[in-house]
Structures are given as C-alpha cells and as structure tokens.
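J.: Please read through the structure below; I'll follow up with questions.
Only the coordinates and a few stated rules stand behind these numbers; no lab work does. In this text, all values refer to a predicted model and were calculated from it rather than measured experimentally. Here the Cβ positions follow ideal geometry from the backbone for every residue, glycine too, while neighbour counts run over all protein chains shown.
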Amino acid sequence: MKATIDRLQHWITEVPVRIESLSELKSSIRPQPHKWSKKEILGHLCDSALTNMQRFVRAQYEPQPYVVLKYAQNQWVEHMNYQNQPMGQILNLWIALNTQVVNIIAHIPEDRLIYTCDIGEGQMVTLKWLIEDYLKHLEHHLEQIWER
Ligand code: NI
C-alpha cells in the first residue's frame, strides 16, 4: 500500500501546481458538446473520491463480499454543477477529498486488504485491488487534463 499512498500524495502536491497554470477559459471548454471540460474531468475525480471513500470504509465492516457502491458518472458531473464553478473551488474539493482518501487507506490494517468486494457481473476483487484501481482511474483522467 505504501507505493499507492506515496503516489496519491505526489498528486495532491503536483495537481494544484499544474492546474494553476491553466486559464479559467481553457478549463471550461468542452471539446465536443457531450465531452467533459477539464473542470468536469476534475469534478468527476471528486465524485470518484466521494464514492471510493464510501467503498474503502464499507468494505472493512460490511459482510463479505461487499457489493460496491455504484454511481452514474454523467449524472453526477451534471448535478454537481462543476461546469459553473471556478476551477479553484473544484481543486480545493479534490485536494480535501484525496487527503481524506489517503488518511483512510493509510489506516487500513494489512489483513483487511484481502477482504472480498463484488464489483458486479460476478467479478470478485480484493479491497487492495479496489484501491489500486482508484489510483489507475485517477491517473487516466489526469492524463486527459494535461493532454488537451
Ligand atoms: Ni472515469
């Protein structure tokens, strides 16, 4: 878990530096009408953090296999109204949520990392897998923010 925690902490420091160099205008552009702007991608990462902290906590005490909480990502981005908020506000939320995600992960006892989680369609994974997948998903979307 140490590598994952280090990586998340790296992003908590690095993301604000990179986001600050983006203009509000550039952050708000939707490349296509139905594609997310950079603000909305970072917002989606806030939704992911919100959902995943529920998963990381519940997987530790609910009966196994813990059936993971799902969320409709497009509806969340829309109803959270990220597009109409300043990038700085979304960034502050992202930092606070991920600081808490790190705090949760860092306190999971080693033996609970193998607890079983049901991610749907008969697929069973461990809590450790869920956490590593959270980081993978985060880095995938950060790439989209830097690329465009
Ligand atoms: Ni995503």
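J.: For the list (1) among the aromatic types (Phe, Trp, Tyr); (2) under 20 Å from Val17 (Cα atoms); (3) out of contact with any Cys (no Cβ under 7 Å at 6 or more places or on another chain), I need the number of the one condition that Trp94 fails.
T.: Condition not satisfied by Trp94: (3).
J.: I'd like to check something: does region 66-75 contain any residue that is within 16 Å of the ligand (Cβ to nearest atom), touching an Asp or Glu at 6+ places or on another chain (Cβ under 9 Å) and free of Cβ contacts under 8 Å to residues at least 60 places away in the same chain?
T.: The first filter runs over region 66-75 and keeps only residues within 16 Å of the ligand (Cβ to nearest atom), leaving 68-75.
Then keep just the ones that are touching an Asp or Glu at 6+ places or on another chain (Cβ under 9 Å); that gives 68, 71, 73.
Add one more test, that the residue is free of Cβ contacts under 8 Å to residues at least 60 places away in the same chain, and what stays is 71, 73.
Yes, region 66-75 contains a residue that is within 16 Å of the ligand (Cβ to nearest atom), touching an Asp or Glu at 6+ places or on another chain (Cβ under 9 Å) and free of Cβ contacts under 8 Å to residues at least 60 places away in the same chain.
J.: For region 67-92, how many residues are in a loop (DSSP other than H, G, I, E, B), touching a helix residue (DSSP H, G or I) at 6+ places or on another chain (Cβ under 9 Å) and among the aliphatic types (A, V, I, L, M)?
T.: Going through region 67-92 one residue at a time, the tally reaches 3.
J.: What is the residue count in region 91-130 for residues that are over 17 Å from Glu62 (Cα atoms) and within 16 Å of the ligand (Cβ to nearest atom)?
T.: Total meeting the criteria: 4.
J.: Would you please name the residue that is surrounded by the fewest Cβ atoms within 10 Å (Cβ to Cβ), looking only at residues in region 18-66 that are part of a helix (DSSP H, G or I) and of a type in the set (Val, Ile, Thr)?
T.: If we take residues in region 18-66 being part of a helix (DSSP H, G or I) and of a type in the set (Val, Ile, Thr), then Val57 is surrounded by the fewest Cβ atoms within 10 Å (Cβ to Cβ).
J.: Could you please find all residues in region 132-148 being part of a helix (DSSP H, G or I) and either away from the ligand (no atom under 16 Å from the Cβ) or basic (Lys, Arg) (or both)?
T.: Lys136 - this is the single residue of region 132-148 that is part of a helix (DSSP H, G or I) and either away from the ligand (no atom under 16 Å from the Cβ) or basic (Lys, Arg) (or both).
J.: Just give me the residues in region 1-15 being part of a helix (DSSP H, G or I) and closer than 19 Å to Trp129 by Cα, in sequence order. Break it down stepwise before answering.
T.: Of all residues in region 1-15, those part of a helix (DSSP H, G or I) come to 2-15.
Answer for region 1-15, where residues must be part of a helix (DSSP H, G or I) and closer than 19 Å to Trp129 by Cα: Lys2, Ala3, Thr4, Ile5, Asp6, Arg7, Leu8, Gln9.
J.: Moving on to the next point. Counting only residues that are under 23 Å from Trp129 (Cα atoms) and without any contact (Cβ under 8 Å) to a residue 12 or more places away in the chain, which one in region 16-65 is farthest from the ligand (Cβ to nearest atom)?
T.: Per the criteria, the residue is Pro63.
J.: In region 76-89, how many residues are buried (at least 17 other Cβ atoms within 10 Å of the Cβ) and either within 14 Å of the ligand (Cβ to nearest atom) or more than 20 Å from Arg148 (Cβ to Cβ) (or both)?
T.: 4
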